[in-house]
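The values are calculated or read from the model by the stated rules, or taken from the named source; none is laboratory data. Note that the coordinates shown come from a computational prediction; the quantities given were computed from them, not determined experimentally. Cβ placement follows ideal geometry from the backbone for every residue including glycine, while neighbour counts extend to all protein chains displayed. Please note that ligands, DNA and RNA were not included when accessible areas were found on the heavy atoms of the full protein model with its side chains. Shrake-Rupley method; radii C 1.70, N 1.55, O 1.52, S 1.80 Å.
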Amino acid sequence: MNQRDPFHQPSRRTFLGLAGAATGLAAAGMGAGWATNRPGIDAAAIVGTAHETDVLVIGGGMAGLFAAVKAHDAGARVLMVSKGRLGASGMTPFAKGFFVFDPETESGSIDDFVDSVSRSALGTNNPVFTRQLAEHALERARELRDWGFFDQTLSHRPFLKPIAARAIARLERVMITHLIREEGRIAGAAGFGLDGAGEVITLRARAVVLCTGAGGFKPNGFPVCDLTHDGTVMAYRIGAWVTGKEWNDGHVTRSTNPAACFDAWGDMFERVPGTNGVEIHHDLGVDMNYAAYRTGNPLAGGPPGSIDTAGVSGGPVTPEEFRRRPGRPGDEGGPPERGGMDRRPPPPGGKGGGPGPMQGGQMGGASAGMAIHKSEGLVPVDDRGASTVPGLYAAGDALGSHMAGGIYTQIGSSLAGSAVQGAIAGEAAAEYARGVDLAEVPSGRLDAIRAEMLAPLTRKEGYGPAWVTQTLQGVMIPNFVLYIKKESLMRAALAYVQELRDHHVPMLRAGDLHELRLAHETANMIVSAEMKLRASLMRTESRCSHYRLDYPDQDDENWRAWITIHRGEDGQMTLAKQPFDAWPSLG
Amino acid sequence: MTIKSIHGCIGCGECVKSCPCDVLRLDPGNGKAVIAYPADCQICHLCRMYCPVDAIEMAPEKSIPVILAWG
Amino acid sequence: MKRDPKALVLLAAITLFAVLPLAFYVAADVPRRSSLKEGLSILTVLALVAVVAQFFLARSLPVLMHLFKAPAVQRVHKVVGYCAIALLAVHPCLIVLPRYLEAGVRPLDALVTLLTQFESLGVVLGLAAWASMVLLVATAYGRMRLIRRRGLRYRSWRSLHGGLAVGFVVVGLWHAIELGRHTGLLLGGFLLVLAAVGLALLLRLYLLDRPRQSRGVPGVPS
C-alpha cells in the first residue's frame, strides 16, 4: 500500500479500500502512510493577508522576547510571529535555571569563567559569545525579575508584560514556512495560520531575527517536539550558513512511559525559575549511550536510576577537571535543582528538590535530533547575531554561537544565553533596519511561495507526514546511528534520508492545517537529519558530544574547527571547516 | 492516552494556545476544547497548567509507538 | 417497632439530597483528583442540590407541614438557603483555590480568565445565575423592609421570591449542566428531575392555595 505507481489510477474499490485502511491506521494511532488526501479545507479559498514591519521576530521564547523588546526600545517597529504562543512554546517553558555572573558573589573573574568553559569545551566554544553571556546575563535577569518571571511557573504572563507595555504586535499560532530574500538581502517571511479556515500570511520586514530555537526529530521524553529546526532550514534555503550539526544532546528518559517528559522530569516543569552562578561541567549524556551500546541494555534487572558508565572502557571522554564523581559532596541537590533542561537528569537519589530519580531503567534518545544548546544554528558573522544573509539575524538556540561549545558546560546558560543573544540581535536588527528600505518582493515570487506552502493540501494523495516522521525516527534515533557513530551506518542512514528527501517530501499530503504544519516540520527535520549525518561523517575525530567509534580520539591537528554547511551554487549541501576562534570567511 | 480527559471546560482556549504541539482545538460546535491530535502530544502538561479551571487530566502513556535509542 | 415519622422524613431527605447525589458523583466517569479538590467539588455539588431542595421546604410538601411546625421548616429553609448560596457565590474562587498549592496558572489570573469568557454560553449563564442569586438573596434578606415600605402583601412577596428562585434555579442548573465537571447524565438528570418535582410542588402550592386566598382577604364577602 505504500508503494506508489504513478501510472496507476485507482479504481473506486481500491480507492475506498485505501481510504478505509488509512482511517483504520489513523484510528489505531499510527500515522497512515500512502493514502488518499481528503482535505477538510479548501486550499484555493484560503485568504492571504500582508503585514509590514521594521524588525520581524520569529519565535516567542526567551530569545524572541528580548529581541522584540530591545528592537522596539532601539526605535524599530516590531512584529512578533510564533508557531505557538509567547512564553508557551519551544524549550523556554521548561527551562528553570538562569545563569547569572554576579561579580558580587563570584570568586573568580569573567576571564576565569571564559577560560574554564573553554577548557571544558575542549576549544569548541566561541569565547566571544561565552564572555558576552557572562557580561549581560545579570542585567537580563534583573529585567525578567521586574516582569515577574521568577515569581511563577508559567512564562506567558511575565513575557506579555513588557510586550503589552510596548504595544508590540504579535501573530500567534502562525507557522512560518519561508524566509524571503530579494536583492541579496532579507525581505521578509511567509507562513500560514493554524486556525479556522486558514490564512496565508506575508510579512515584509527590513530585518528578521530568527528566534526559532533548534529542534529534534519529535523524539520521546523531551519537550522539544514542536521544534523542528524550522528557522535553520528556512535560512539555509535562502543561503544562510549553518553550523554545529554534529553535536548531540544525550538526554535519557524513563523506560516506563518513556514519552512522558513531564513525569520523567519529576517536578521540574512545575518549578518557578531561579538564577544560579558559575557551575561548569562537561555533561556528556552520550557516555550513557556508549555504555548501553557496549554492554547491551544495561538496565534490565539493574537498580533503578542512572546508567553506570564507570566499568565501561573507552567511549566519550570527560576531561579530568570536569568529571563528576559519584557521591561527591555537592553533587546532590544543588545544580540539578536549578539546571532546568540544561542537563540530563541527575544521578538517583538527588535530594533537595532536584528532579526525582527516574524509576526503573533509562532509555536513550529522549532528545534525539537536538545538538547542544547554542551550538547548532546559523553561523554568526559577528558577535551580534548577524548571519551570512544581510538583514537576517539569529539568537538563542537558532544561532550557532557555540557559546557553551559542543558540550553543555555552564548550568543555566541555555536560558540566559537566549536572553542575552536575543537582546543583542534585536538591537542589531533595529540598527540595520534604520539603514535600509523594505525590499520589493515580486508578486510572482509570493504566488510561488503560496503554492509551495499549500501544496500538501492540494495533493490528491500522498504520504502522511506522521508516517514519514516515524520512518525518519526509525532511521535516525537508534543508538548506533547518531550517538555511537560510524561511517558505514551513517552512510546507510544518509541514503535512507536522501530517499525521504527526494521521494517522500515532494509527496507529503495534508488534510488540514495541523497536518500542513506537520508536513513542513517533517520536511525540515529531513533536511536537518541530512545535515547531522553529513557533518558527523565529516568530523573524523571524537570530541565533546560527538563520538565516532571509528575515530575515537580527539584530533587537534585537523579538527580545531567547526563545520559549516551551506547550499552551494549547484544546490548541493556543501560542508566546510571554520577554524575555532575565527569568524567565517565568506569567500 | 496522553491527555486523558477534559471535564468542566469553559472554552477559554488557553490550552489550545499553550499547547506547543497543537494537540488541542476548540470544537466549533460547543466551543469546548477537544483532544484533536492526541498522537502529537509530548506529555508536557502545559495545557493542564494553563487551564484556569483545572479541567485537563493527563496520562503518561503515548498513544503511538515510541521510538527510542535502545529498547 | 414503630418508626418515628419525623425520622423517616429526615432519612428520606438525607437520602435524596445527599446520599443519591454523592452516589451519582462517585459513579460519574470523571477522574479523581486530590482530596482538597474532590472535597470542594462535593461541597459545591451538595450546595447546588440544596438550592433545588429549597423547593421542597417552601410549605409545598404537605407531609412536611403536617409533621413539623411552619416556623421550623422556615428556619431550615433559611439556613440551608443562605449556606448553599454563600458556597455557590464563591464557587468560582473554589475552582481556582487549589492552584495556590500547585504549579500552573496563578489563582487570580485563572479567576479573571474564567470570569471574562463572555463568548462561552456556560460562563454567561453562570454570571446570569450569579446575578439573579444576588437579587434573590438581597430581596430575601430585606423582605420585611420590602413588605413594609412597598406595602407588599405576603402573597406578592412569595410570588416574587418564588419567581426569582425559579429563574435562578433554571439558569443555574443550565449553567451547571453546560459547564459542570460532574453534572453528566446521572447527576445532571437527577438534578433536572429533582427541580421538576420541586417546581411542580411549588406550582401546586400556588394554585391550590386559592381558596385560602379568597377566604383570607378581609372585607370581601364570600
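Remarks
- Taking the criterion of being surrounded by fewer than 22 Cβ atoms within 10 Å (Cβ to Cβ), among the aliphatic types (A, V, I, L, M) and in a strand (DSSP E or B), the residues of the stretch B:1-34 that qualify are B:6, B:26, B:34.
- Every residue from the stretch B:35-68 that is over 24 Å from residue A:471 (Cα atoms) and either away from chain C (no Cβ under 14 Å) or not in a loop (DSSP other than H, G, I, E, B) (or both): B:35, B:46, B:47, B:48, B:49, B:50, B:56, B:57, B:58
- Comparison of A:426, A:462 shows that the only residue that is over 27 Å from residue A:518 (Cβ atoms) and open to solvent by less than 10 Å² (accessible area, probe 1.4 Å) is A:426.
- Residue within the stretch A:46-53 that is charged (D, E, K, R) and more than 14 Å from chain C (Cβ to nearest Cβ) present: yes
- Residues (more than 11 Å from every other protein chain (Cβ to nearest Cβ) and farther than 17 Å from residue C:186 by Cα) located in the stretch C:25-35: C:35
- Condition check for residue C:187: modelled with pLDDT of 90 or more, surrounded by 12 or more Cβ atoms within 10 Å (Cβ to Cβ) and within 20 Å of residue C:21 (Cα to Cα): yes
- Assessment of the stretch C:14-21 against the conditions (within 14 Å of another protein chain (Cβ to nearest Cβ) and modelled with pLDDT of 95 or more) yields no matching residue.
- When the stretch C:159-206 is filtered for residues that are under 15 Å from residue C:56 (Cα atoms) and over 16 Å from the mean Cα position of the chain (by Cα), the ones remaining, listed by number, are C:203, C:204, C:205, C:206.
Yes/no matrix, rows are residues, columns are (1) more than 14 Å from every other protein chain (Cβ to nearest Cβ); (2) farther than 29 Å from residue B:48 by Cα; (3) open to solvent by 30 Å² or more (accessible area, probe 1.4 Å):
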| site | (1), (2), (3) |
| --- | --- |
| C:73 | yes, yes, no |
| C:76 | yes, yes, yes |
| C:82 | yes, yes, yes |
| C:121 | no, no, yes |
| C:147 | yes, yes, yes |
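- Scope the stretch B:35-71; condition polar (S, T, N, Q) and open to solvent by 30 Å² or more (accessible area, probe 1.4 Å); matching residues: B:63
- Scanning the stretch A:247-276 for residues that are in contact with a helix residue (DSSP H, G or I) (Cβ under 9 Å, 6 or more places away or on another chain) and within 14 Å of chain C (Cβ to nearest Cβ) yields a total of 9.
- Screening residue C:151 with (1) away from every other protein chain (no Cβ under 12 Å); (2) out of contact with any Gly (no Cβ under 8 Å at 6 or more places or on another chain); (3) on the phi < 0 side of the Ramachandran plot gives one miss only, at (3).
- Within the set C:73, C:79, the sole residue that is under 30 Å from residue C:155 (Cα atoms), in contact (Cβ under 8 Å) with a residue 12 or more places away in the chain and under 19 Å from the mean Cα position of the chain (by Cα) turns out to be C:73.
- Some residue of the stretch A:433-440 being of a type outside the set (Asp, Glu) and either within 14 Å of chain B (Cβ to nearest Cβ) or assigned to a helix (DSSP H, G or I) (or both): yes
- Residue match in the stretch A:201-212 (condition: open to solvent by 20 Å² or more (accessible area, probe 1.4 Å), under 15 Å from the mean Cα position of the chain (by Cα) and touching a residue at least 12 places away in the same chain (Cβ under 8 Å)): yes
- Any hit, the stretch A:322-337, residues being modelled with pLDDT of 70 or more and not charged (D, E, K, R): yes
- Hits in the stretch A:38-84 (condition: part of a strand (DSSP E or B) and closer than 30 Å to residue A:413 by Cα): A:54, A:55, A:56, A:57, A:58, A:78, A:79, A:80, A:81, A:82
Condition check ((1) of a type in the set (A, V, I, L, M, F, W, C); (2) open to solvent by 20 Å² or more (accessible area, probe 1.4 Å); (3) away from chain B (no Cβ under 14 Å)) across all residues:
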{"position": "A:77", "(1), (2), (3)": "no, yes, yes"}
{"position": "A:91", "(1), (2), (3)": "yes, yes, no"}
{"position": "A:101", "(1), (2), (3)": "yes, no, yes"}
{"position": "A:105", "(1), (2), (3)": "no, yes, yes"}
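- Whichever residue in the stretch A:125-160 is among the charged types (D, E, K, R) and surrounded by fewer than 16 Cβ atoms within 10 Å (Cβ to Cβ) and, among such residues, is nearest to residue A:273 (Cα to Cα): A:151
- Answer from A:384, A:450 - the residue that is among the basic types (Lys, Arg), farther than 24 Å from residue A:93 by Cβ and part of a helix (DSSP H, G or I): A:450
- Residue check: residue C:60 meets all listed conditions (1) assigned to a helix (DSSP H, G or I); (2) surrounded by 15 or more Cβ atoms within 10 Å (Cβ to Cβ); (3) not acidic (Asp, Glu) but one, namely (1).
- Residues in the stretch C:126-142 that are open to solvent by 60 Å² or more (accessible area, probe 1.4 Å) and in contact with a helix residue (DSSP H, G or I) (Cβ under 8 Å, 6 or more places away or on another chain): C:127, C:130, C:134, C:135.
- Just one residue in the set C:103, C:86, C:165, C:110 is within 14 Å of chain A (Cβ to nearest Cβ), of a type in the set (A, V, I, L, M) and part of a helix (DSSP H, G or I); that residue is C:110.
- For residue A:292, the criteria (1) within 30 Å of residue A:312 (Cβ to Cβ); (2) more than 10 Å from every other protein chain (Cβ to nearest Cβ); (3) of a type in the set (A, V, I, L, M); (4) touching a helix residue (DSSP H, G or I) at 6+ places or on another chain (Cβ under 8 Å) hold in every case but one, which is (2).
- Only one entry in A:474, A:464, A:417, A:444 is farther than 30 Å from residue A:122 by Cα, modelled with pLDDT of 95 or more, touching a Lys or Arg at 6+ places or on another chain (Cβ under 8 Å) and not hydrophobic (A, V, I, L, M, F, W, C), namely A:464.
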